[in-house]
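The values are calculated or read from the model by the stated rules, or taken from the named source; none is laboratory data. Keep in mind the model is a prediction, meaning the values are calculated, not measured. Backbone-built Cβ (ideal geometry, glycine too); neighbour counts: all protein chains shown.
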Amino acid sequence: MKLGSPGRAAVQSRRAARALSVTCALSLMVTFALLGAVAKRARAQADRLEERADDAPAPPGPLPPPAAMPNLDANALLTLAEDAMTQIDYARSRELASAALARGKLDSDGLVRAYRLIAVSSAQLGEDRAAEEAFIRLFALEPDSTISTRLAPQRRSSVLNARGFWSVRRDSFGMDVSYARREHQIVVRVRDPLRWGHAVHVWYRIGGRAYVKQVHPISQEMLFDVQSLKATDPVEVYAFLVDDRENVLTEFGGERDPHLFGLGEGELEEFLRRDIRGGQTGSYALRLEELGVEVGVHGYLSLEFKEASEDSSAGFDMHHVVAMIRAAFQHAVSLEFALEYEHLFRAQGDFYLPHAFMDVKFAEQLILRAGWFEVPVGAFNEYLYPDFLRITGTGPLFTRYVIPGLWSEVGVQLRGRFALTGITNLTYAVFVVNGLEQPDENRMDGRVAEGGEIRTMRYNINDQYNGDKAFGGRLGLEIDEFDIGVSGYSGRYTIERNRRLSIGDVDLSYRDQYLTIRSEAALAWEQTTDEVLHKFGMYFLVAGRPIPWIEPYAQYDFADNNGVEHRVLGGVALYPFPEQRSTRNLRLKSECGVDFLPNGKEDFIWFFQLTTGF
């Protein structure tokens, strides 16, 4: 047994040696395989790099000089110059900026960019003389420039010399433009100690028309004649000074935002004092023209086709033909009056003035109105009277019995509006007028004419028989699309004795793109010898506009004037061109309804109406 033990150990040693040799061989095989794969991958990467190198463009050579780039304009050269500056290539930056100046037609901003680049580049290159000349021109164009802060202190001597150049010259570089109204000339004076400017361009226009363009070589004073100009017309002017390369050195106004020469206070007073001289054309209207009064002509008409009635057969009726003239002066004073024919001479007295008044606007909150104006009691006369403004063709019943429409008076009125929030406004109107007055056919019979129809009391232009004045007004609150108003009126209406007529009114409206709701109610107290008569009326309207060209509507009316009367009507309004602003008021209405009269009878209503306002 002891003799066999060395044999087994030898066997085990031989087995371990064989295992070790196999392991080493496998390790060598794996190592060589890995090295071969790495070498193969490295060769593939090298091949790809060689292919890319073959396909890649050659490395860029020196950039061409500006003269070799004739297709680039001055602004493109400036962009290249700024790129060179960011790469600290000062020589190249200065070369490109100088080429941009030579190429010309830079605007004023481009010219400032060019001289910034030239000044900084020259200073960084140590060329103080060139830098100083560039800084002098830069400070002429941009006196408050801080570009020199980009330079180290030892590079700023040229900046100090340029500042010193301008410090001893009181008249800095620039251009003064004025307008001599009497001579109809634009006067230009240039301040140019560098003798830099070459010519002055002046563009002017009147009333939004195209520019009239003139050029004048530079001199101490340049005069540009303005043609086709009234004495008080405002003139819009754009002027600019250029060098010999058409680079813009300085501007007065702008092409899109020119300077406006209006009528100054001194000039206005001079025209007001000047009299119309003999031997001239025109009369006092010439003075208004000279004072710059802006005049506009407007109007509206209503053409109707009605059913047959007791008074006439079925047919066409030109219900309203109205011309309105409005004149505005200095945006604070305006005058407006209207001339109207109703039913085109069908009856005597169809021609009348709906209004003729003057507004003096002190502020949005305070406007003085004086003359012959629609009475601001309720919303109908104030906002809805003309046919082209209201939706229905037929006026509400209460405008026949309680608050007459149209109702105008002679007197004075204060009105205005206060903005409370972004969507809320408070409006007001108060007035003193001659007032309604009941006609008295025989003022010598000792009887007092009283208790009459309110509608017949209109057109009391002059108070011949009593000096009592009526008063009233309206207070309104606008909240976004809502408008709520309360108004009233009181005044003596009889020629003999003191009998008073008082009216109270409440109105409400809502209107947006698709829906309109309006309602108004009015009550009148009419004193007589025996009693106080009460007259009441109201209406309610709803209209929808589901699509822009059609608007169906319905209205209910109620009136109590010594007997109750009802009315129900419906209709549809068509807008032929709803998207065109110039025809937004063109409407074709078809309307029908029934009047339920106090005597139990019914009156059928039907008509077509074409209305427009311009």
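A few comments on the model shown:
- Qualifying residue in segment 232-251 (condition: modelled with pLDDT of 70 or more, farther than 30 Å from Asp107 by Cβ and not basic (Lys, Arg)): yes
- Single residue of segment 442-492 satisfying the filter (of a type in the set (Gly, Ala, Ser) and over 30 Å from Gly416 (Cβ atoms)) that is farthest from the chain's Cα centre (by Cα): Gly446
- Criterion: of a type in the set (Ser, Thr, Tyr), over 29 Å from the mean Cα position of the chain (by Cα) and either modelled with pLDDT under 90 or not assigned by TED's automatic domain parsing to the domain that holds Ala119 (or both) - qualifying residue of Ser178, Ser172: Ser172
- Selection status of Leu63, more than 44 Å from the chain's Cα centre (by Cα) and modelled with pLDDT under 90: yes
Conditions (1) out of contact with any strand residue (DSSP E or B) (no Cβ under 8 Å at 6 or more places or on another chain); (2) assigned to a helix (DSSP H, G or I); (3) acidic (Asp, Glu), marked per residue:
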| residue | (1), (2), (3) |
| --- | --- |
| Ala119 | yes, yes, no |
| Glu133 | yes, yes, yes |
| Asp144 | yes, no, yes |
| Val159 | yes, yes, no |
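- Looking only at segment 560-602, residues that are touching a residue at least 12 places away in the same chain (Cβ under 8 Å) and charged (D, E, K, R) come to 8 in all.
- Within segment 179-213, restricting attention to residues that are without any contact (Cβ under 8 Å) to a residue 12 or more places away in the chain and under 22 Å from Asp257 (Cβ atoms), the residue that is surrounded by the most Cβ atoms within 10 Å (Cβ to Cβ) is Arg209.
- Subset tally (residues that are closer than 12 Å to Leu249 by Cα and part of a helix (DSSP H, G or I)) for segment 87-112: 6
- Among the residues of segment 431-458, those that are loosely packed, with under 15 Cβ neighbours inside 10 Å and either touching a strand residue (DSSP E or B) at 6+ places or on another chain (Cβ under 7 Å) or of a type outside the set (D, E, K, R) (or both) comprise Pro439, Asn442, Met444, Gly446, Thr456.
- Residue in segment 279-298 that is part of a loop (DSSP other than H, G, I, E, B) and modelled with pLDDT of 80 or more present: no
- The sole residue among Ala559, Ala522, Ala573, Ala554 that is in contact with an Asp or Glu (Cβ under 6 Å, 6 or more places away or on another chain) and under 22 Å from Arg587 (Cα atoms) is Ala573.
- Checking Thr611 against (1) over 29 Å from the mean Cα position of the chain (by Cα); (2) part of a strand (DSSP E or B), the condition it does not meet: (1)
- Restricting attention to segment 514-559, the residues that are in a strand (DSSP E or B) and touching a residue at least 60 places away in the same chain (Cβ under 8 Å) add up to 23.
- Residue count for segment 370-385, restricted to those that are crowded, with 19+ Cβ neighbours inside 10 Å and under 26 Å from the mean Cα position of the chain (by Cα): 2.
- Set Val564, Val542: member being of a type outside the set (D, E, K, R), surrounded by fewer than 19 Cβ atoms within 10 Å (Cβ to Cβ) and over 32 Å from the mean Cα position of the chain (by Cα): Val564
- Selection from segment 386-402 of residues that are within 19 Å of Ser502 (Cβ to Cβ) and buried (at least 21 other Cβ atoms within 10 Å of the Cβ): Phe398, Thr399, Tyr401, Val402
- Of the residues making up segment 526-533, none is surrounded by fewer than 18 Cβ atoms within 10 Å (Cβ to Cβ), closer than 25 Å to Glu307 by Cβ and aliphatic (A, V, I, L, M).
- Residue within segment 495-510 that is within 17 Å of Thr427 (Cβ to Cβ) and touching a Lys or Arg at 6+ places or on another chain (Cβ under 6 Å) present: yes
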